[in-house]
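Visitor: Below is a structure I'd like to ask you about.
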């Protein structure tokens, strides 16, 4: 039985950062001294990629988006991806701060590890603090 369960929700800070980055990218494309068709193509492709990234990663709707983290008393992790609960190993290259955490997990039978970006406002303040303490006690 899990000791801690962390239900993630989309972060307003992450949405703001991604939107600013893509708006600035679109502004740069518009200001480039290139032909109209190339500029329009670049603008459209960047806009589509931004929408894809926002939908899949930031709003947690993608196939590889982590929506729930669980850790038990023995520090074994479980992640919920696409409504499936999978056992995971927290990798040592994860980064934990008081504002944002980037957690990397190795899932059995998957070649590449998955990454999970958790901003402070993805969880209630007490829950984020518990997550940070849990992660720091494991390192």
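To keep it simple, each residue is scored yes or no on (1) over 30 Å from residue 31 (Cβ atoms); (2) touching a strand residue (DSSP E or B) at 6+ places or on another chain (Cβ under 7 Å).
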position: 54; (1), (2): no, no
position: 62; (1), (2): yes, no
position: 96; (1), (2): yes, no
position: 106; (1), (2): yes, yes
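Visitor: May I ask you to list the residues in the stretch 72-87 that are surrounded by 12 or more Cβ atoms within 10 Å (Cβ to Cβ) and more than 15 Å from residue 106 (Cα to Cα)?
Guide: Correct list: 72, 82.
Visitor: Could I ask something else about it? If we keep just the residues of the stretch 109-123 that are more than 19 Å from residue 18 (Cα to Cα) and out of contact with any strand residue (DSSP E or B) (no Cβ under 7 Å at 6 or more places or on another chain), which is surrounded by the most Cβ atoms within 10 Å (Cβ to Cβ)?
Guide: Selected residue: 110.
Visitor: Give 99, 71 a once-over and let me know the one that is within 15 Å of the chain's Cα centre (by Cα) and closer than 24 Å to residue 135 by Cβ.
Guide: Working: 71 fails: within 15 Å of the chain's Cα centre (by Cα).
Matching residue, one of 99, 71: 99.
Visitor: Within the stretch 47-54, does at least one residue satisfy the condition of being farther than 23 Å from residue 130 by Cα and within 13 Å of the chain's Cα centre (by Cα)?
Guide: Filtering the stretch 47-54 down to residues farther than 23 Å from residue 130 by Cα leaves 47-54.
Now drop any that are not within 13 Å of the chain's Cα centre (by Cα), which leaves 53-54.
Scanning the stretch 47-54, I find at least one residue that is farther than 23 Å from residue 130 by Cα and within 13 Å of the chain's Cα centre (by Cα), so the answer is yes.
Visitor: Return yes when residue 18 is in contact with a helix residue (DSSP H, G or I) (Cβ under 6 Å, 6 or more places away or on another chain), part of a helix (DSSP H, G or I) and closer than 22 Å to residue 119 by Cα and no when it is not. Full working, then the answer.
Guide: Details: in contact with a helix residue (DSSP H, G or I) (Cβ under 6 Å, 6 or more places away or on another chain): yes; part of a helix (DSSP H, G or I): yes; closer than 22 Å to residue 119 by Cα: yes.
Yes; evaluated as a whole, the condition is true for this residue.
Laboratory data are not the source of any read-out in this text; all were calculated from the coordinates shown. What you are looking at is a predicted structure, and each value in this text was computed from that prediction instead of being measured. Backbone-built Cβ (ideal geometry, glycine too); neighbour counts: all protein chains shown.
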